[in-house]
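Notes follow once the structure below has been shown.
Here, each number is a calculation from the coordinates, and none is a lab measurement. None of the values given here were measured: they were computed from a predicted structure. Glycine also receives a Cβ, built like all others from the backbone with ideal geometry; neighbour counts cover every protein chain displayed.
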Amino acid sequence: MNERDLTELLNADGEIITERLDHWGAVAGDRTFFYYGEDDETLSYGEFIRRTDAIAGNLARVGIVKGDRVSVFCKNPLISTQMMFGIWKAGAVYCPVNFGYAGRLLTYQLNDTRPTLIVTDGALLPVLNEVLDDLDLKPSIAVHRPAPDAHDYIAAPPAVRSGYTEIAWSELTKPAGAPGVKVSFDDPANLIYTSGTTGPSKGVVQPYRWMTQYTFGLRSLLNRDDVIYNDLPMYHVGGAIANVCRAVWVGCEVAVWNRFSPDGFWDRIAARRATTAILLDVMIPWLEKAPPTDDDRRNTLNKVHMQPLPLHHHQFASRFGIDFVTAGFGQTEAGVGLTSFLEETRQGEGTPDDLYRGYSHAQVREIAVRMGTPLLPGDGAARKGLMGVPTAFMEVSIRDEMDEECGDEVAGHLCLRPRLPGILFHSYLGKPEATVSAFRNLWFHTGDAALRGRDGMYYYVDRLGDRIRVRGENLSSFQVEDMINQHPSVQMSAAVAIPSDEGEEDQVVAYVVGVAGGVVTEAAIHAFAAETMPKYMRPRHVRIVDDLPRTPTNKVEKYKLRQLILAELKAGKAS
C-alpha cells in the first residue's frame, strides 16, 4: 500500500480514540462498555461518556489546558480509565504512574513528568504525601475517596500534605460538558515510562496515531460480540491501550479486574463470557499448574495474545480450547512492528460451538489475507521467538554493530522505520540525546536482538544491554542498582538477569560490595528491597562480595557474575 492507502486504512475506524468513543455513544449508548469485577459495576458507553465529559469539563474549569500533563497514581483501574479519557477530552496528556512506586522511584518520575495535577486514591495518598516535599514543582492534588460499599474503601484516609492545593473529587466529577478541545493524530496523548538500560527510566511521548496502529492488528480480529478480559494495570500499555482502547475501537465490552488471579481466572472468563485476553509469559505456567479436567476446553476464550510467544503455545491452546493465538513484537516506543496469527484448533475443536462468539474461523482467514498477516497452523509454529512479519505501517530491518543490514539467519539489532508520520513515539521526554541515538541512521533501534529467518519470518533472539523482564514489567539493571546503592552500608552493586524457574522471564540477581569497615548481609539487602522497591524489582538472589570484576576501562564484567551465579545454582541443584 502507498501512504494514502495506509492513511485511509487508519481513518476507516477513526484515529482519535475519544471520537471513536463518542461514535459508539451515539449508535449504541446502552451497550455495555466497562465491567469492573472488583465492585461488580457495569458502565454503558453512554454512562461512561457522561462521566468522562464531566471530568474533562471540570479539568478545564480548574485550569487544565491542552498539552498539560496529568499524572494518575491510582490502583483502581475504573478510576484510572475514567481519568484517562477525561484527560484526553480536555486535550491534556495522560501520565500514568506505576502504583508500586514509592520514595525515590516515585519522586524521580513525578519530577521528570512535572505534572500540573496529580490524581491519586486514598490507599496511595500516604505514599504520595511522603514525596511531595521532594518535588520541584507544587502540582494540585485530587484524591478519589471510595464510597463505603467499594472494595477499596478506607474509613479514615489522610489529608493531603499541608501546602498543596487539593481539588475535591466532587469538583472533578460534578455534571459538566466536555470542553470541545480538538486534537490531531500527531498531538501527544500519553507519557508512559519505560526502563532505561544505562540510566533512569525514560518518559515515552506517544501521539494519538501511536494508539491507532498499536491496536490495529489485535482489534481487526474482533467484532462487537467479543468481550475483552483485562487484568493488566492502567500504567501498562497492554492494559490501558491494547485492551481498554481496543474495546472502544471495536465497540465491545472490556471486563477488568485489578490483578491476575490464577485461581479466579476461568471463573472471571465465565462470568463475562470473555472471548479474548492478553497472557504475559508468567501467567501461562501458573494456569497450567491446575490439574487437568474434562472441562478444560469448556470456556468462551477463543483468541489469546501471548507476549512473548512460548514454545509450548500449541499444547496450552489445545488443552484450554483456544482457537487462535496472536504473537508479534510490541513496545512502548514503537507500538506493534511485527505480527502473526496462529490457528491452534479447528472450528468446534477448540471453543465449543455453543460458547463461541466473534468472527468464525473462515472470517479470520479472510481477515489475515486482507491484512497480509500470516495465519500459521499452531502445531507448525515450533521455532523459538516467532514474531511474524512487519505490519503494514512499518519497515523492519536487522542491523549489525556498524548499522549495516544483516543477512538471513544472522542476529542483529531489531530496527523499525514508520511508513506514516505519528506511527512511532515522538521522543524521550527531556532526553534529546537518547532520542537522537535511538533514531540514528533514520532507523528506530528497539534495543532488542532478532533475526530474519529464511522463511521470511522474524524471530526474537534476546534483549540488548541490561534490560530485565519480570512479571510482565521491563526494568533495567541501573534501576535495581540505583535503589540498592541507597542502603547506607552499600558501596556499589551490580544487577544481572538469569532465566526464571517459570516461563521465559528473568530473575534478578544482585552482587553487593559493602562500604569499608561496614557490615552488610544478604538478609539486610532483602529487607531493604522489600521496604523500598516494587515486588517485581526486588532481587531473587543477593550475594555479598569484596569487589566486582571489571575491565581495564572499569566497566563491570556482568557476564562473569552471571556465570558465577548460574554455576552456583546448578551445583546446588546437583548436590
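For the chain, the antiparallel share of DSSP beta bridges with both residues in that region comes to about 60%.
Taking the Cα centre of the range 475-574 as origin and assigning +1 to Lys and Arg Cβ atoms and -1 to Asp and Glu Cβ atoms, the resulting dipole is close to 220 debye.
Of all DSSP-defined beta bridges confined to the range 89-212, some 45% are antiparallel rather than parallel. Scanning residues 5 or more positions from ILE167 or on other chains, those with amide H under 5 Å from its amide H are ILE141, ALA142, VAL143, with H placed 1.01 Å from N in the peptide plane. The ellipsoid equivalent to the alpha-carbon distribution of the range 457-570 has semi-axes of 24, 17, 13 angstrom, derived from the gyration tensor eigenvalues as √(5λ) and listed largest first.
Which one of GLY86, PHE265, HIS413 has its Cα pushed farthest toward the positive end of the charge dipole of the chain, where Lys and Arg give +1 and Asp and Glu give -1 at the Cβ? The residue sitting most towards the positive pole is GLY86. Annotation: extensible slack from ASP186 through VAL515 equals 113.4 nm (criterion: 0.36 nm per residue apart, minus Cα-Cα distance). Projecting the Cα atoms of GLN109, THR521, SER340 onto the charge dipole of the chain, computed from C-beta unit charges around the Cα centre, puts GLN109 farthest toward the positive end. Among TYR208, TYR536, the order by Cβ neighbours within 10 angstrom, fewest to most, reads TYR536, TYR208.
In percent, rounded to a whole number, the relative contact order of the range 251-310 is 43, using alpha-carbon pairs under 8 Å and six or more apart.
Summary value for the chain: 11 percent relative contact order, contacts being C-alpha pairs under 8 angstrom separated by 6+ residues.
Give the calculated FRET efficiency between LYS573 and ASP462 to the nearest 0.05, with a Förster radius of 25 Å applied to their Cβ-Cβ distance. That pair, LYS573 with ASP462, gives E of 0.60. Here is the list for the range 396-492: trypsin sites (Lys or Arg not before Pro) lying in DSSP coil, each with at most 10 other C-beta atoms within 10 angstrom of its C-beta, are ARG454. Taking every DSSP beta bridge that has both residues in the range 1-140, what percent is antiparallel when rounded to the nearest 5? Taking every DSSP beta bridge with both residues in the range 1-140, the antiparallel ones total about 30 percent.
The amide H of LEU338, built 1.01 Å from its N in the peptide plane, has PHE329, THR391 as neighbours under 5 Å, considering only residues 5 or more places off or on other chains.
Between the amide H of GLU41 and those of TYR36, distances stay under 5 Å, these residues lying 5 or more places away or on another chain, with hydrogens modeled in the peptide plane.
Once the chain from MET402 to ASP5 is taken as fully extended at 0.36 nm per residue, the excess over their C-alpha distance is 139.5 nm. Peptides 126-133, 444-451, ordered by how many other C-beta atoms sit within 10 Å of their residues on average, highest first, read 444-451, 126-133.
Which value results when the Cα radius of gyration for the chain is divided by 2.2 N^0.38 Å? Dividing the Cα radius of gyration by 2.2 N^0.38 Å gives 0.96. What the Kirkwood sum gives for the range 394-463 is a hydrodynamic radius of 12.7 Å, with every pair of different alpha carbons counted.
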